[in-house]
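What follows is a set of notes on a single structure, which appears directly below.
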């Protein structure tokens, strides 16, 4: 897939260092939080390289696509079936750190295709690269016979939320992630889906700013997805309620150009 000098292709083992750099960027501090200090002298991104260079597991480069321009990688996307998370081996990660992130599992949309990471180098943004990488994911999801794509995004990541809204994702839940100095985010984490087209789901709706109880030091990530919209009636929750957002669903993806696992 080549357009305007930007080539979208499957990742290769040699891409692992750049994949790690951009996946770490996409995480918004998650990898630093989980991996910091576990291997003296290595950064979180450096610790991600071996897994990405390998051929097994959900973190392999085989589940990534890259955008290449002028001989260098300027964007990446990483996605796989969300149910794989249930069988992942977290041996070696501190129990307290895993517990801190536990609420992510509550908002996962099991059975969906999970967009784990999407990142474009700052110097190459606003050129349509992210949308093209998402289209690459949609096609893989379709080939894998998935009917929806989901993702997590920090509520204070306005640019990402705007992109996903444009793609058609809708918020389906929020995860309460306690504040931590290595997770310097405000708001909640949102979970989203994919754009309204026949076949698969694609694109999110922006995650509204958090309000009510709690403080700006209580970050959350949301879970978004898309399916046919359905009215849930008036919001009868009391003022100041904060927690999972009402699920908003969009349509389905088209018969072509959707998502599938790598």
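Just so it is clear, none of the values below were taken in a lab; they were calculated from the coordinates. This is a predicted model, so every value here is computed, not measured. Because the Cβ atoms are built from the backbone with ideal geometry, glycine has one as well, and the counts that use them run over all protein chains shown.
Overview of results
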read-out	value
Surface/4 of the Cα convex hull for the range 66-105, nm²	4.4 nm²
Anisotropy class of the range 15-94 from Cα gyration tensor, a/c 1.5 cut	oblate
Relative contact order of the range 16-138, defined on C-alpha pairs under 8 angstrom at six or more residues apart (%)	28 percent
Relative contact order %, the range 1-87, counting alpha carbon pairs below 8 Å whose residues are six or more apart	34 percent
Per-pair calculated FRET efficiency, R0 = 51 Å: residue 70 and residue 95 via Cβ, rounded to 0.05	0.70
14, 24 arranged by Cβ crowding within 10 Å, fewest neighbours leading	14, 24
Using a Förster distance of 30 Å, the FRET efficiency for residue 125-residue 55 (Cβ separation, nearest 0.05)	0.45
Order of 31, 90 under a 10 Å beta carbon neighbour criterion, fewest first	90, 31
Virtual spin-label span in nm between residue 179 and residue 43, 7 Å along Cα→Cβ	2.7 nm
Sequence of 100, 185 once ranked by neighbouring C-beta atoms within 10 Å, starting from the fewest	100, 185
Pairwise centroid distance, computed over Cα atoms, of the range 21-68 with the range 87-148, Å	13 Å
Cα shape, the range 94-174, gyration tensor, a/c 1.5 rule	oblate
Pairwise FRET efficiency - residue 88 versus residue 9, Cβ, R0 = 35 Å, nearest 0.05	0.85
Tensor-based shape of the range 47-183 (alpha-carbon gyration tensor, a/c under 1.5 rounded, otherwise prolate or oblate)	rounded
Label-point separation, residue 143 to residue 162 (7 Å along Cα→Cβ), nm	3.3 nm
